[in-house]
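Take a look at the structure below.
The values are calculated or read from the model by the stated rules, or taken from the named source; none is laboratory data. Everything numeric in this text was worked out from a predicted model, so none of it was measured. Here the Cβ is made from the backbone with ideal geometry for all residues, glycine too, and neighbour counts use every protein chain on show. Protein only, heavy atoms only, side chains kept; ligands, DNA and RNA dropped before computing areas. Shrake-Rupley method; radii C 1.70, N 1.55, O 1.52, S 1.80 Å.
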Amino acid sequence: MTDATVGEDADGSSGRASYLIEGRRVRVSDLINAGLLPAGTRLTFRRRRSGEAHLAHVTEDGKIELSDGQQFSSPSAAAAEATGRGPLDGWTAWTLDDGTLLDAVRQTLLDTVAAQSSSDSPAADGSAARHAWLKDARKKADAGTPITLSVRDLLSWWGASRRGYQISWQIVDELANHGLTDAPDFSAVGLDDRITLIGPSVDTEDEEKETGQVATTESEAPPELVELTGAPRPTASDEDGDEEQPVQGQTIGNLSSALRGVEWVAPSASFEEAFTKMRLNGYSQLPVLNGPRNLQGAVTWESIALARYTDDKAPLSRAFVKAHAVSYTDHLIDVLPFLEQFGFVLVKDQTNQIAGIVTVADVAAEYGATARPFLLIGDLDRQLRRVISERLDLAEVIPLCDPDGLRKLASFDQLSYGDYQQVLSNQKQWDCLGWPLDRKAFAARLDELREVRNELMHFNDKDKAGDAAIPKLRNMIELLRAYGV
């Protein structure tokens, strides 16, 4: 390999540096453009157990072409197709003729970019520090001593306190650039839950040869007692890259009780053991497990009472009822029917172990907390529309909001929040209100609340960003009521 100098923008700044370090995943085409991977380079994926070798080469447009002519923009997709197995981390599977891993070429590019970015701009020091931290995290993951930290601490490395849509994608992409993934998925659990940064997935050929399957599972419980759902964390398509994309929307794992641990009893347990554990923990239900992944059912106060009423000498197994388990990444809205049916669900973590329980009461509390900022946002919209419609002239408002006439605005009811900002930021319209208030400070607060509104409307407020904004929302609403009469 040769050293690479990343090209500069016309203004002399390292545009590519900021784009790669703080924008997206490294692609094979980036390695070509940096002079680190010439087009035509031969790649080999050699499987250690069988000695089987799969050959490919790099095309001029940054694709990996297999010997059968199939082309892939992602090394992982190419590796999976070549072997017929997956998922595989293609960056650590494909090697150059001299034995250099494709991942090592990627790391050389990232090192160059980080150094160049830091030297060009002192403001990029944070990115350079994060790059060094990610390199260390990868080294520890490869050594079998992976870093474990809270989601809150992970976000702090990106200067964030909440998981908005853009910052979540950036974090996942930068982790992927260093061959790292998070377990469990940071976007699907609580802020104070802990995650582990793990290295690339390994070739599962050894397990396949010995067991005949990619992964083994414990024996399942009788189907009449247990229902299990929840697919693995979805992977991105070949066009989107090699790794997973952040989960969007409210997941069951975002609830505080989802991965907090769970008390349980074995199928052979006595009524006394189940009764004692339920009373000590204030539970209304208790899962029955035959090992951490093998759900047999559950017992509830109702099922215990019914079993003992029928036969006061009945074993605990007579009180078993169906239980339903979901993945921590499942969307909360999809779990609601099962909560309605069972009254609770068990939650599986990234290893498929039963790691928590969520009840109807937990969900009711979550929706109650989430509803408050939504209701205030709705009230804010109504107050802004009322002030504008009652105090301003529609004929003057429409040109500000729709200067080209493309939206064909004909009433105040068609205005959006952005329109309210546009109107109230206009000096002439502001003067028409006659308010003894500072227009710039008012407009700045409107823009701040717009960001909160967007987070809420895109369901990015998993970390209760709306809670922090509640006083600001209330103060703005009260001000509009006071001066908008």
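At-a-glance table
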| item | result |
| --- | --- |
| Residue list for region 156-173, filter: over 12 Å from the mean Cα position of the chain (by Cα) and either of a type in the set (Phe, Trp, Tyr) or open to solvent by less than 10 Å² (accessible area, probe 1.4 Å) (or both) | Trp157, Trp158 |
| Every residue from region 307-359 that is charged (D, E, K, R) and free of Cβ contacts under 8 Å to residues at least 24 places away in the same chain | Asp311, Asp312, Lys313, Arg318, Asp334, Glu340 |
| Test: Ala128 is open to solvent by less than 40 Å² (accessible area, probe 1.4 Å), part of a helix (DSSP H, G or I), modelled with pLDDT of 95 or more and within 27 Å of Leu37 (Cα to Cα) | no |
| Residue within region 251-265 that is touching an Asp or Glu at 6+ places or on another chain (Cβ under 8 Å), modelled with pLDDT under 90, open to solvent by 20 Å² or more (accessible area, probe 1.4 Å) and among the small types (Gly, Ala, Ser) present | yes |
| Test set (1) under 25 Å from Asp192 (Cβ atoms); (2) in contact with a Pro (Cβ under 6 Å, 6 or more places away or on another chain) - Trp94 fails condition number | (1) |
| Search result, residues across region 340-369 that are in a helix (DSSP H, G or I), under 22 Å from Val326 (Cα atoms) and not aromatic (Phe, Trp, Tyr) | Glu340, Gln341, Val360, Ala361, Asp362, Val363, Ala364, Ala365, Glu366 |
| Scope region 35-74; condition under 17 Å from Gln107 (Cα atoms) and touching a Gly at 6+ places or on another chain (Cβ under 8 Å); matching residues | Ser74 |
| Residue that is nearest to the chain's Cα centre (by Cα), among those in region 309-322 that are of a type in the set (A, V, I, L, M) and open to solvent by less than 40 Å² (accessible area, probe 1.4 Å) | Ala319 |
| Residues satisfying the stated conditions in region 80-91, i.e. in contact (Cβ under 8 Å) with a residue 24 or more places away in the chain and either surrounded by fewer than 23 Cβ atoms within 10 Å (Cβ to Cβ) or within 24 Å of the chain's Cα centre (by Cα) (or both) | Thr83, Arg85, Pro87, Leu88, Asp89, Gly90, Trp91 |
| Qualifying positions in region 340-355 - within 18 Å of Ala183 (Cβ to Cβ), surrounded by fewer than 23 Cβ atoms within 10 Å (Cβ to Cβ) and not charged (D, E, K, R) | Thr351, Asn352, Gln353, Ile354, Ala355 |
| Residue under evaluation Ala115, criteria (1) in contact with a Ser or Thr (Cβ under 8 Å, 6 or more places away or on another chain); (2) free of Cβ contacts under 8 Å to residues at least 60 places away in the same chain, criterion not met | (1) |
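Residue-by-condition table, conditions (1) open to solvent by 20 Å² or more (accessible area, probe 1.4 Å); (2) assigned to a loop (DSSP other than H, G, I, E, B):
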{"site": "Tyr283", "(1), (2)": "yes, yes"}
{"site": "Val288", "(1), (2)": "no, no"}
{"site": "Gln296", "(1), (2)": "yes, no"}
{"site": "Ser303", "(1), (2)": "no, no"}
{"site": "Ala307", "(1), (2)": "no, no"}
{"site": "His324", "(1), (2)": "no, no"}
{"site": "Phe338", "(1), (2)": "yes, no"}
